[in-house]
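Q: Could you have a look at this structure, given as structure tokens, before my questions?
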Amino acid sequence: MKCYMCDLEGGDSEAVAICIVCGMGLCLEHAIREELDIWEGGYGFPAHKMKRTLPRFICKDCHDAIHRG
């Protein structure tokens, strides 16, 4: 699989990760490793944030959308 962002820029890099949010293939240059919160709860409420985080890879667009406040 090729990096989607590199392809848009005219490059040709192999993907090493997939964005957990949108599924885009990403090379090392475009992948962002993010520690995302884990939420636990059954159907409906209540839900609560777990004490630990989970490392995930995301693209810049999804990273910006998650952290836009």
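The values are calculated or read from the model by the stated rules, or taken from the named source; none is laboratory data. A quick note: this is a predicted structure, and the numbers were derived from the prediction, not measured. Heads up, the Cβs are rebuilt from the backbone with ideal geometry, glycines too, and the neighbour counts pull from every protein chain shown.
Q: Tell me whether the range 14-21 contains one or more residues that are in a loop (DSSP other than H, G, I, E, B) and either at pLDDT below 90 or hydroxyl-bearing (Ser, Thr, Tyr) (or both). Spell out how you get there, then give the answer.
A: Applying the first criterion (in a loop (DSSP other than H, G, I, E, B)) to the range 14-21 yields 15-16, 19-21.
From what's left, either at pLDDT below 90 or hydroxyl-bearing (Ser, Thr, Tyr) (or both): none.
Within the range 14-21, not a single residue is in a loop (DSSP other than H, G, I, E, B) and either at pLDDT below 90 or hydroxyl-bearing (Ser, Thr, Tyr) (or both).
Q: Considering only residues that are on the phi > 0 side of the Ramachandran plot and either in contact (Cβ under 8 Å) with a residue 12 or more places away in the chain or among the β-branched types (Val, Ile, Thr) (or both), which ones fall in the range 17-36? Quick ask: steps written out before the conclusion?
A: Here is the first cut: in the range 17-36, the residues on the phi > 0 side of the Ramachandran plot are 23.
Correct list: empty.
Q: When the range 1-13 is examined, which residues are found to be in a loop (DSSP other than H, G, I, E, B) and either surrounded by fewer than 12 Cβ atoms within 10 Å (Cβ to Cβ) or not hydroxyl-bearing (Ser, Thr, Tyr) (or both)? Steps first, please.
A: Taking the range 1-13 as the starting set, the residues that turn out to be in a loop (DSSP other than H, G, I, E, B) are 1, 3, 9-13.
Within the range 1-13, MET1, CYS3, GLU9, GLY10, GLY11, ASP12 meet the criteria.
Q: Still on this structure: Show the residue pairs that are 6+ apart or on different chains and have beta-carbon atoms under 7 Å apart, the first residue being within the range 45-63 and of a type in the set (Val, Ile, Thr), the second being assigned to a strand (DSSP E or B).
A: Listed pairs, sorted by first residue: THR53/GLU35; THR53/LEU36; THR53/ASP37; THR53/ILE38; ILE58/ILE32; ILE58/GLU34.
Q: When VAL21 is evaluated against the numbered criteria (1) of a type outside the set (Lys, Arg); (2) more than 13 Å from ASP61 (Cα to Cα); (3) surrounded by fewer than 18 Cβ atoms within 10 Å (Cβ to Cβ), which criterion, by number, is the only one it fails?
A: (2)
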